[in-house]
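The values are calculated or read from the model by the stated rules, or taken from the named source; none is laboratory data. Predicted, not measured: the structure shown is a model, and the values here were computed from it. With ideal geometry, Cβ positions are generated from the backbone for all residues, glycine too; neighbour counts draw on all protein chains shown. Heavy atoms of the whole protein, side chains included, go into the accessibility calculation; ligands, DNA and RNA do not. Shrake-Rupley method; radii C 1.70, N 1.55, O 1.52, S 1.80 Å.
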Amino acid sequence: MTATTAPEAALGVLPRADGSARYSHAGYTVTASVNGPIEAQRRDEHPYEAHVDVIVRPAAGVGGTRERHLESLLQSSLSQLILVKNFPRCLIQIVLQIEDSPENDYANTKLVQASLNFGIMPALFQTSVLALLSAAVPMRATATATAVAIVLQDGTRKKVIDPSPREIEAAKSVHVLAFTSRDELLLAESEGDFTVREWDEVCEIAERVCCRSTVTKEGIEMMLDDEVADGPDTRHFLRSAVEDKVAADLHWK
Amino acid sequence: MTTTTGRPFVLPGETVDPSLVPTHKKHPLRLGPGLRHIPPSDIIPTVAGQLVTNPVKNSIWVEYNSQRYIPQPGDLVIAQIVRSTQDAYLASLSPYTASATLPQLSFEGATKKTRPMLSPGSLVYARVSLANKHMDPELECVSSATGKSDGLGPLTATAGTGTGTVFDVSLGFARRLLMARSREEGRVAVLEMLGGEEGGGLAFETAVGRNGKVWVGSESVKTVIIVGRALQETDRGGLGIEEQRRLVKRLIREMR
Amino acid sequence: MPREAEPSLSEKQFVLQALQENLRLDGREFDQYRPLELTFGDQYGVADVTLGKTRVLAKASAEVTVPYADRPLDGIFTIATELSPMTAPSFEVNRPTETEVLLSRLLEKTIRRSGALDTESLCLVAGQKCWSVRVDVHVLSHGGNLIDAACLAVVASLRHFRKPDTSIEGGVLTVYTPAEREPVPLSWLHSPFCVTWSFFGEEGEIAVLDATWLEEQVRVASCTISLNRHGEICQIAKLGGTPVEAVALLQCTSVALTKAKEFSALVDRKLAEDLKRRDKGGLMAELKAENDR
């Protein structure tokens with residue numbers, strides 16, 4: 001069963017960073033710090049744009065190829081969101097510290113866990129966006145992300161939003177999609193065995209989860225589940241989390 | 001979605017409702033920080049904050065608080081000298097950013113023979129004379145029009161006997177302190193209270209830098225610490241006027 | 001190259017002047033720590049320590065592996081400290097700075113070498129299988145005094161951690177998953193804590209506890225004393241700096257003992273609270289299972 005616990009976020013948690021955020025949802029907890037725009041190293045300097053540097057640090061163990069993959073996905077999508085042309089030769093540095101991942105009670109913990117990438121991608125993505133908003137880095141738009149897995153259950157292919165590690169392991173395919181606040185598809189990564197039609201359906205579900213601005217009962221006639229209505233309203237959550245922080249900052253006005 | 005205060009909360013990328021944008025017969029619309037213009041007529045916020053309009057001046061901007069200073073021409077800042085080259089000083093406005101240039105002749109009464117001697121690590125109160133995204137910023141310690149310093153220049157302890165130091169505050173708080181009517185518009189009155197009856201009439205001087213730095217100088221170390229702590233705690237705690245008064249009284253009592 | 005942010009001359013001079021008048025910038029006493037908070041995560045072995053603006057997160061984990069060839073009866077215990085740009089933008093990944101190396105060495109000597117964790121208890125099958133316990137220290141924010149905060153976090157996380165239960169029958173090792181059997185705590189012998197003193201003045205005559213980042217930039221010497229609440233000293237490190245009077249150092253050590261006792265009481269209290277919190281959930285869960293039948 002997917003853990004439909006409500007997501008939680010706190011902004012400005014690190015006192016010395018320009019911006020920071022702590023986000024937890026479905027068992028994942030990530031803290032992000034954003035510093036920038038600051039001076040870039042010579043080797044990273046770009047004459048017309050800011051360089052976006054993403055560093056992902058796992059909870060246990062040293063980072064490896066898995067973290068580099070996550071970093072490159074995040075870097076390419078966040079560079080589209082940030083107005084990099086405003087800060088040539090500068091660096092926007094985003095560091096993500098994974099604090100908690102959901103435990104698989106049915107397997108012994110190993111330091112190297114395969115295929116955990118996709119489960120944590122949405123949490124990493126959301127935390128980065130929240131931290132960037134907290135640092136007031138100029139952005140083109142905000143974005144929300146979600147993970148969907150296609151699991152074989154009772155002979156039918158069931159689509160699961162925010163799959164648990166167990167569901168990911170048993171899934172036929174796992175997909176991570178991110179949409180901007182203008183309903184544009186920003187990131188689409190998939191792994192496993194799936195058809196084009198399945199991907200289209202997954203994309204529709206993800207769009208409904210990420211782009212829904214009010215809770216309406218539109219998608220009920222689909223063969224899918226009430227889990228769509230139960231899934232977190234990510235956009236609304238993002239908005240209210242930031243709105244609270246801004247209201248606290250501007251209490252004096 | 002408007003808040004109770006009537007200032008709508010905006011996120012980057014949202015389109016601004018055209019009815020909120022002020023119009024004026026004579027002045028063109030002025031876009032302040034946090035907004036960008038996409039021709040022909042889209043105004044889009046780039047940061048998360050509250051949308052504020054000033055119908056009198058026909059301006060619109062996004063009000064928000066942040067920690068990283070981005071130089072704008074005309075800002076008064078407190079810069080720290082990093083090193084000196086042949087005819088300019090390199091001064092840092094914020095940590096980990098490129099240094100700004102401060103010409104050695106840009107001080108009141110400075111000529112080629114009589115230059116001010118500033119060692120690395122010393123502080124100056126300067127104005128940003130040039131700032132754009134392609135160049136390193138430039139500072140001046142003298143008004144280019146009149147040639148007078150108007151209070152700009154090296155920040156040292158009062159008259160050589162006193163002491164002073166600089167404290168870090170958030171950019172929004174620095175802006176509030178620099179407002180002409182900081183008590184009414186910025187709702188910050190700590191400095192007045194400290195020098196007034198609540199604080200027991202402390203004697204000190206301050207210089208506020210738009211880059212989030214406040215210099216406090218006084219004869220006694222204790223006074224400087226009290227003022228510095230009052231500023232930082234007001235900033236971090238988001239204190240209102242009444243709470244500021246209580247804070248000042250508590251600090252005076254504690255540091256007795 | 002990482003660019004260090006240096007404080008201004010005024011700030012450095014002011015800190016020294018204030019100390020000479022018995023004042024600190026945040027109004028603390030010379031032997032007073034900043035407000036110290038310790039919280040545990042939902043998973044076993046996660047400890048979060050906040051000391052003023054410094055925040056350190058320690059996570060303990062364990063896996064079964066082959067013991068070292070020269071020590072077949074001992075398990076493996078490592079402490080990893082890698083500072084990232086989250087600590088401060090001047091830190092780079094994979095490029096150890098002096099701060100990082102010193103932190104790692106001090107934690108090593110304080111916790112590993114003092115035998116706080118009984119490595120013999122980690123052995124499963126002599127020469128073939130043993131537990132490898134690993135503590136990762138993540139510094140989320142550097143506001144001064146990383147060493148004391150990191151040591152507290154590591155000790156708290158190791159005492160909080162539970163490793164999976166095991167059994168050996170006829171030479172076959174079975175490791176039970178958390179769903180099969182409740183995990184068991186580590187074999188912990190004593191809890192060492194670090195207390196770092198910073199010295200100021202021409203002859204290092206002013207001694208101060210728990211320096212902030214600014215105070216650390218101004219200090220002329222520092223001494224880290226690691227000891228447990230019984231007064232047993234694990235190590236004393238004064239690595240260079242201005243010479244300090246021996247008598248003053250002895251006084252510092254006795255104050256350090258008081259602080260170590262306070263830390264020990266804090267960790268005990270927080271662990272007890274956490275146990276109570278989990279127990280409540282545990283009891284409820286047990287009751288629920290019975291009702292379902």
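Just to confirm a number: summing +1 for Lys and Arg and -1 for Asp and Glu over residues other than C:VAL56 whose beta-carbon lies under 10 angstrom from that of C:VAL56, what do you get? Before the final figure, lay out each step's value.
Values: positive: C:ARG55; negative: C:ASP48, C:ASP148.
Summing Lys and Arg as +1 and Asp and Glu as -1 gives -1.
Using only atoms on other chains, find how many Cβ atoms lie within 10 Å of each Cβ of peptide A:243-249 and report the average. Show your work: numbers first, answer last.
Numbers: counts 7, 1, 3, 12, 6, 2, 11.
Mean shielding by partner chains, rounded to a whole number: 6.
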The simple spin-label model distance between B:GLU254 and C:VAL125, using points 7 Å out along Cα→Cβ, in nm, is 6.1 nm
Partner aspartates and glutamates whose C-alpha sits under 15 Å from that of C:LYS129, ignoring same-chain residues fewer than 8 away, are C:GLU63, C:ASP70, C:ASP74, C:GLU120, C:ASP165, C:GLU169
Taking a probe of 1.4 Å and leaving out DNA, RNA and ligands, the protein assembly as shown shows per residue an accessible area in Å² of 46 Å²
Note on segment C:176-198: residues buried by at least 10 Å² of accessible area once partner chains are added (vs chain on its own, 1.4 Å probe) come out as C:THR177, C:PRO178, C:ALA179
Taking Lys and Arg as +1 and Asp and Glu as -1, residues besides B:VAL128 with C-beta under 9 Å from its C-beta add up to -1
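Mind grabbing the interface size between A and C? I mean buried accessible area, both sides, 1.4 Å probe, in Å² to the nearest hundred. Don't skip to the answer; put the middle values down first.
On the way: alone 13660 and 15930 Å², together 26680 Å².
The contact between C and A buries close to 2900 Å².
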Log entry: pair-distance distribution for the protein assembly as shown, C-alpha pairs binned every 20 Å from zero, whole % per bin is 14, 44, 34, 8, 0
Taking max minus min of the Cα coordinates of segment C:115-262 on each principal axis, largest first, gives extents in Å of 68, 30, 27
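I'm checking a number: the convex hull volume of the Cα atoms of segment B:130-183, normalised per residue, in Å³. What is it?
Cα-based convex hull of segment B:130-183, divided per residue, equals 169 Å³.
Based on alpha-carbon positions alone, could you give the equivalent ellipsoid semi-axes of chain C from the gyration tensor, as √(5λ), descending, whole Å? List each step's numbers first, then the result.
Values: eigenvalues 304, 91, 67 Å².
That gives 39, 21, 18 Å for the three semi-axes.
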For segment C:119-202, the Kirkwood Rh over every pair of distinct alpha carbons, in Å, works out to 15.9 Å
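For a quick protection proxy, order the peptides B:243-251, B:18-26, B:170-178 by their average other-Cβ count within 10 Å, most packed first. Show your work: numbers first, answer last.
Values: B:243-251: 17.4, B:18-26: 10.1, B:170-178: 20.1.
Ranked from most to least packed, the peptides come out as B:170-178, B:243-251, B:18-26.
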Listed by chain and number, the lysines with an alpha carbon less than 26 angstrom from that of A:LYS85, same-chain partners under 8 positions apart left out, are B:LYS133
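How many times 2.2 N^0.38 Å is the alpha carbon radius of gyration of segment C:60-166? Don't skip to the answer; put the middle values down first.
Working: Rg = 15.2 Å, N = 107, 2.2 N^0.38 = 13.0 Å.
After normalising by residue count via 2.2 N^0.38 Å, the value is 1.17.
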So the B/C interface buries, both sides summed and with a 1.4 Å probe, an accessible area in Å² (nearest 100) of 1600 Å²
For segment B:156-256, inverting the pair-averaged 1/r of distinct alpha-carbon atoms gives a Kirkwood value in Å of 13.4 Å
Given pairs C:LYS109/C:LYS270; B:LYS222/C:LYS12; C:LYS163/C:LYS270 and cut-off 22 Å on Cα-Cα distance, the over-length ones are C:LYS109/C:LYS270
Output field shielding_mean for B:30-36 (other chain Cβ, 10 Å radius) holds 1
Interface call, segment C:59-92: threshold 40 Å², probe 1.4 Å, accessible heavy-atom surface of protein chains, chain by itself vs complex, result C:LYS59, C:GLU63, C:GLU82, C:PRO85, C:MET86, C:PRO89
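Using Stokes-Einstein with the Kirkwood hydrodynamic radius over Cα pairs, what translational diffusion coefficient do you get for segment B:2-63 at 37 °C and a viscosity of 0.692 mPa s, in µm²/s rounded to a whole number? Can you show the working numbers first?
Details: Rh = 11.7 Å.
Rounded, D is 280 µm²/s.
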Interface residues of segment A:132-170, defined as losing at least 20 Å² of accessible area versus the chain alone with a 1.4 Å probe, are A:LEU133, A:ALA136, A:PRO138, A:MET139, A:ARG140, A:THR142
At q = 0.25 1/Å the base-10 log of I(q)/I(0) from the Debye formula over the alpha-carbon atoms of segment B:76-154 is -1.27
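Quick one: net charge of B:GLY172's neighbours, Cβ under 10 Å, K/R +1, D/E -1? Provide the component values of the computation, followed by the final result.
Working: positive: A:LYS253, B:ARG175, B:ARG176; negative: A:ASP249, B:GLU63, B:ASP235.
Within the 10 Å Cβ shell, the charges total 0.
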So the carbon and sulfur contribution to the accessible area of the protein assembly as shown, 1.4 Å probe, in percent, is 50 percent
Kirkwood-based Rg/Rh on the Cα set of chain B evaluates to 1.01
Summing -39500 (n - 2.57) over every DSSP H run of at least 4 residues in the protein assembly as shown and dividing by its residue count gives a helix-only mean residue ellipticity at 222 nm, to the nearest 500 deg cm²/dmol, of -8500 deg cm²/dmol
Buried accessible surface, B vs A, both sides, probe 1.4 Å, in Å² to 100, equals 3100 Å²
